[in-house]
Amino acid sequence: MGVSVAEEAASPAPLPVAKPRRRAWILHALALTTALAALAVHAWLHREFIEDDAFISLRYSARLLQGKGLTWTDGERVEGYTNLLWVLGSAGLGALGIDLVRAVRILGALGMGATVLATGAARPPENGSGPLPALMGGLALAASGSIAAWVVGGLEQPMLAALLAWALVLLYRPLEAETDALAPRSLLLPGLLLGLACLTRADGLILAGAVAVGLVLARGLRRSSLVAAAGLGVIPALCFLGQLAFRRAYYGEWVPNTAHVKVAWSLGRVARGLEFLGEGLLWSSPLALVAVAAIAMAIRGGDPVLARRVRLLSAPLVAWMAHVVIIGGGDTMPARRHMVPILVLFALLTVEATAFLAARARRVRSAGMATVLLLVAAHAFLQRKDERNLIASRLPWAWDGEPLGLLLRSAFGTKRPLVAVDAAGGVPYFSGLPSLDMLGLNDRHIAKQHGSDFGTGKIGHEAGDGAYVLSRKPGVVIFCTPRSDGDPCWKGGLEMMRSPAFRAQYRRITVEALTPRRMRSRVWVRASDGPLAVVRKDNRIVVPGYFAAGGEHNLARFERGALVALANATHPGQIRGLWLQPGQYKLTAETFGADPIVEVASRREGKKLAQGGNTLEFAVGPSPDELDIHFSTTDDRSTRVVRVEIEPVPSPSGP
């Protein structure tokens, strides 16, 4: 029978169906918005955090923008980064005029934000599980200190997290397809994301391979599953091989330079890795319990969708945990950065556990949801007690590289001395000066100088070669961190300090930077044979004023276009150990500020040779002598010593 026009007009509109769907999407969006807001608040608590190694990557980005290629310093090319896509992404934003530090924080916010959104895409409103799975998964991420800290920390974890999360979520639909063979196009986007993960981190291939294995485990070991896994792995393999070819052609190496510094196949490394993983899991134990519960539900719950997803997620989880153990935790940075992929997988498993409980009977559903919420809250509590996360919520020492680097740029930018550093991030980045990485991350030679105990010490701090550093004649040497006390910490620096040549050629001075914040550092400056050294020419000696800042209480500051030493009655300055031949000399001190009192003393004779103002004469003889020059004032007002010139006074001509 037909339907009349009147009956058709009177038929109900689809609004009753549309309203519940719209309401479901609104609640879903509110859940994700809540999680994103929680992440923003948590990240704000870490707003001061940045890792010194982030400045290494940024130096590569900066030099790329300057047309100097993917290099860390002038000279040989060395791959001192393991995050190519992150370096390129930072440079891309920098090309738009965005400050590079701000650029990595934009990338960090976008990456971790996208990761939270992936938890929402894992169980969209159409599946009927409601907004709670997205809310619990998103809050699990937002509560994690590693996730929040690396929003602003400056390294590639947010990009890796987003690529991994979305690759897995986009595999859910083809994974649950009824057909035996998967359409190649359904694997294209997940494969592309995993390929980009391989370019984001050198060890991203482990995650890509593990996801392919998880696909086989989820669909069963049969020919179509193996074909699908192979199809999924094509783009990651091409990305890996492409970067390998680029590395070999551009850097002349098969592995990143950092691998030579950090990777050691030893039981000591495994023990450290087990310790790192154990502590990370302990502080994330509530979330780990939810993940274990999801696995148990998949085994015993009779839900094929849940079972397939859990098998898919379990493979990269196990693989990454094993990788972390083998590499000894990877590094000693705050906020346990190599826990990030694990926490992402825990969050996705939290989504699945919550969705499973949402479909149970009312009593089970209520108890289960309350338990998950309680565990996520407990996870948040523990994360705020973890000392490794708390360190990342304080002003880190990495920012000390900014004032010191800017001081060196201002004082020595035109002379371009080589700056040797242990902390290869902030000082080289902000100074822009040629640099030498004494720990070897960015130096091919040092990276391969391994002692017999390599693999037993602090990761990334075991390589060194003091003789090699001295042979490069750096103008400035900064041991340990930017806020150095002048004493070495690591292998190369300890070797240098034992060298008589180092003691003879270098002088320790204390510099004080005033912008953008006040900080002091005791650095070593080459006093002979270099752009910053004492100049001897035609019996004339020119001593830069900053060498008078060698005392424990003396300072050198950048004032009036020069690095000058401050001296007064309380803290007199001193230039030590100037060798002069016998003869009559005139000393001229260029100073400003308070009027100086200048004194010349003989070490050989142990007495004062002359005392006066900016200009005075003195005699050396009858044999060569080593002199000390002292600078003082009549009170606590300081004089600024710019430089000192010493020249011979011609003898009166005979009749």
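Listing for the model above:
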{"quantity": "Yes/no for LEU93 being open to solvent by 30 Å² or more (accessible area, probe 1.4 Å) and touching a Lys or Arg at 6+ places or on another chain (Cβ under 9 Å)", "calculated": "yes"}
{"quantity": "Residues that are closer than 20 Å to ARG173 by Cα and among the polar types (S, T, N, Q), drawn from the range 285-308", "calculated": "none"}
{"quantity": "Odd one out for GLU605, checked against (1) over 30 Å from LEU406 (Cα atoms); (2) open to solvent by less than 50 Å² (accessible area, probe 1.4 Å)", "calculated": "(2)"}
{"quantity": "Residue within the range 582-598 that is on the phi > 0 side of the Ramachandran plot and not in a loop (DSSP other than H, G, I, E, B) present", "calculated": "yes"}
{"quantity": "Every pair of residues 6+ apart whose Cβ atoms lie under 7 Å, when the first sits in the range 257-272 and is on the phi < 0 side of the Ramachandran plot while the second is crowded, with 16+ Cβ neighbours inside 10 Å and of a type in the set (D, E, K, R)", "calculated": "ASN257/GLU79; ASN257/ARG444"}
{"quantity": "Unmet criterion (only one of (1) part of a loop (DSSP other than H, G, I, E, B); (2) in contact with a strand residue (DSSP E or B) (Cβ under 9 Å, 6 or more places away or on another chain)) for LYS415", "calculated": "(2)"}
{"quantity": "Answer residue from the range 481-492, given it is of a type in the set (Gly, Ala, Ser) and more than 15 Å from SER471 (Cβ to Cβ) and is surrounded by the fewest Cβ atoms within 10 Å (Cβ to Cβ) among those", "calculated": "GLY486"}
{"quantity": "Number of the condition not met by GLY577 [criteria: (1) assigned to a strand (DSSP E or B); (2) over 19 Å from VAL535 (Cβ atoms); (3) at pLDDT below 95]", "calculated": "(2)"}
{"quantity": "Test set (1) surrounded by fewer than 21 Cβ atoms within 10 Å (Cβ to Cβ); (2) in contact (Cβ under 8 Å) with a residue 40 or more places away in the chain - GLY191 fails condition number", "calculated": "(1)"}
{"quantity": "Selected residue [of a type in the set (Lys, Arg) and under 29 Å from ILE50 (Cβ atoms)] from ARG388, ARG360, ARG365", "calculated": "ARG388"}
{"quantity": "Of all residues in the range 498-510 being open to solvent by less than 50 Å² (accessible area, probe 1.4 Å) and part of a strand (DSSP E or B), the one that is farthest from TRP399 (Cα to Cα)", "calculated": "TYR506"}
{"quantity": "Close pairs (7 angstrom Cβ cut-off, 6 or more residues apart or separate chains): touching a residue at least 60 places away in the same chain (Cβ under 8 Å) and under 23 Å from PRO20 (Cβ atoms) in the range 115-126, of a type in the set (Ser, Thr, Tyr) and in a helix (DSSP H, G or I) anywhere", "calculated": "ALA122/TYR172"}
{"quantity": "Residues being in a loop (DSSP other than H, G, I, E, B), in contact (Cβ under 8 Å) with a residue 24 or more places away in the chain and either under 16 Å from THR588 (Cα atoms) or more than 43 Å from the chain's Cα centre (by Cα) (or both) - total across the range 614-651", "calculated": "10"}
{"quantity": "Contacts under 7 angstrom Cβ, first residue in the range 453-464 being closer than 17 Å to VAL325 by Cβ, partner open to solvent by 50 Å² or more (accessible area, probe 1.4 Å), 6 or more apart", "calculated": "ILE459/THR332"}
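To keep it simple, each residue is scored yes or no on (1) within 24 Å of LEU627 (Cα to Cα); (2) outside any helix (DSSP H, G or I).
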site: GLY464; (1), (2): no, yes
site: LEU470; (1), (2): no, no
site: ASP487; (1), (2): no, yes
site: MET496; (1), (2): no, no
site: GLU512; (1), (2): no, yes
site: SER521; (1), (2): no, yes
site: ALA533; (1), (2): yes, yes
site: TYR546; (1), (2): yes, no
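Table: residues versus (1) touching a strand residue (DSSP E or B) at 6+ places or on another chain (Cβ under 7 Å); (2) surrounded by fewer than 22 Cβ atoms within 10 Å (Cβ to Cβ); (3) assigned to a loop (DSSP other than H, G, I, E, B).
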position: VAL351; (1), (2), (3): no, no, no
position: THR354; (1), (2), (3): no, no, no
position: ARG360; (1), (2), (3): no, yes, yes
position: ARG363; (1), (2), (3): no, yes, no
position: GLY368; (1), (2), (3): no, yes, no
position: LEU374; (1), (2), (3): no, yes, no
position: ALA377; (1), (2), (3): no, yes, no
position: ALA380; (1), (2), (3): no, yes, no
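The values are calculated or read from the model by the stated rules, or taken from the named source; none is laboratory data. Values in this document were obtained by computation on a predicted structure and should not be read as measured data. No Cβ is skipped: glycine too gets one built from the backbone with ideal geometry, and neighbour counts run over all protein chains shown. All accessible areas refer to the heavy atoms of the entire protein, side chains included, with ligands and DNA or RNA removed. Shrake-Rupley method; radii C 1.70, N 1.55, O 1.52, S 1.80 Å.
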